[in-house]
Amino acid sequence: MAFLKNAWYAGAWSHEVGRALLARTILGEPVLMYRTQKGQPVALSNRCAHRFAPLDRGRLVDDAVECPYHGLRYDSRGQCVHNPQGDGVIPKGARVRCYPAVEKYRVVWIWTGAPEKADIAKIPDFGFIDDSERYGITTGTILIKANYELLSDNLLDLTHTQFLHADVFKSEAVMRGRFEVIENGTTIHSNRWCPDAPPTPPLRLALNYEKHVDFWMNMRWDPPGLMRFDVGATPTGKPREDGVHNLEMHLLTPETETSTHYFWADARTYGINDPVVEENNRRALEHAFVGQDKPMLEAQQAMMGTADLWSLNPVMLQGDAAALRARRVLARLIGQERL
């Protein structure tokens, strides 16, 4: 399976990257992350150029990584700067790949393609994640043993919430609400508008309101799998400003062809400094993501094996419209890289 290379992928949350060496497999490649003494994030190949030992088992010497096997040291650009053997001459080709790495929206992002094409402006807007005065923020990371496009499909078709998450999010309004898909360049929007409906339990608690509400579920997808979700509710007929909403960040980074690093964040407009609300919100999200989505997606991948989705001739439903467009955009971009 081919991956989109000229793209930003979430490598880690900012708080995960420090002076300790962090190893993570991204797009099937071993990657090592750490910070320089000045706090700059670094992303290198985790495979020593000599005997291919994992560098994360070594140590930092100033800002250089020392291989635990034979002591070669690589600087933050991936160049070998120290050879402890013989006359100390640095062997030709003694370097490891250095990935462009930037920090934005509480995430260390890694560019996996041509370094000269790396542009931080290509990271979609997730500015809400930095607004801790307006939002209460909850974050998490999950490793899911399923292909990352299956996760995109899952998030772009939210009709599954009425079945897989029926114990928490069920509302008949989702199935009868207005559904639209908008394609704007390489960005896909999957929007649902559900007027005059009973609130789901989380929305009822957030609003402290028992009567009917108008609620919305709007997902934005950018390649390769960077998603922003806006879900909220307001008393029926009232403006959205009178209600509550959650903004979510869903970042899908392929580990391999059949496993995905899933970085998620939730920003809520209610109970911002309330630890009880924070804990209840985390439990609800982890129940949905870890307890329900993860086992279903992994079971789905197990049933598919290594087969390509289209080779299995899947039946398509109305709710698949956004996921289909996202898959086509991604396939087109990957194809263009091959030219």
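Quick notes
- Inter-label distance, nm, simple model (7 Å from Cα along the C-beta direction), M303/R240: 3.4 nm
- Rounded to 10°, Cα long-axis angle of helix 275-288 versus longest principal axis of the chain: 80 degrees
- Amide N proximity, segment 66-83 versus R59 label position 7 Å along Cα-to-Cβ, cut-off under 16 Å: 66-74
- From most to least packed by mean Cβ count within 10 Å, the peptides 52-65, 307-320 give 52-65, 307-320.
- Long-range HN-HN contacts of T25 with modeled amide H, under 5 Å: V31
- For segment 1-64: rounded, prolate or oblate by the Cα gyration tensor [a/c cutoff 1.5]: oblate
- Applying 0.36 nm per residue to the separation of T256 and D131 and subtracting their alpha-carbon distance, the gain on full extension is 41.7 nm.
- Viscosity 1.002 mPa s, 20 °C: Kirkwood-radius Stokes-Einstein D of the chain over Cα pairs, µm²/s: 99 µm²/s
- Gain on full stretching of the segment that runs from A2 to W310 - 0.36 nm per residue minus C-alpha separation: 109.4 nm
- Separation between Cα centres of segment 138-194 and segment 257-305, rounded to whole Å: 12 Å
- Loop-resident sites, segment 1-30, for trypsin sites (Lys or Arg not before Pro), counting at most 14 other Cβ within 10 Å (DSSP): R19
- Computed from Cα atoms, the angle from the helix 294-304 axis to the main principal axis of the chain rounds to 70 degrees.
- Protection proxy ranking for 37-46, 151-160, using the average of other Cβ atoms within 10 Å per residue and placing the highest first: 151-160, 37-46.
- Phi-based couplings in Hz for segment 64-71 (Karplus 6.51, -1.76, 1.60; Gly and Pro marked x): 9, 8, 9, 5, x, 8, 10, x
- Between D196 and A23, the simple spin-label model (points 7 angstrom out along Cα→Cβ) gives 6.0 nm.
- Dipole orientation for the chain: of the candidates G88, S14, P41, G88 has the Cα lying most toward the positive pole (charges on Cβ; Lys, Arg +1; Asp, Glu -1).
- Relative to the longest principal axis of the Cα atoms of the chain, helix 321-338 runs at roughly 20 degrees.
Read the figures in this text as sums done on the coordinates, not as results from a lab. In this text, all values refer to a predicted model and were calculated from it rather than measured experimentally. All Cβ positions, even for glycine, are placed from backbone atoms using ideal geometry, and neighbour counts span all protein chains on display.
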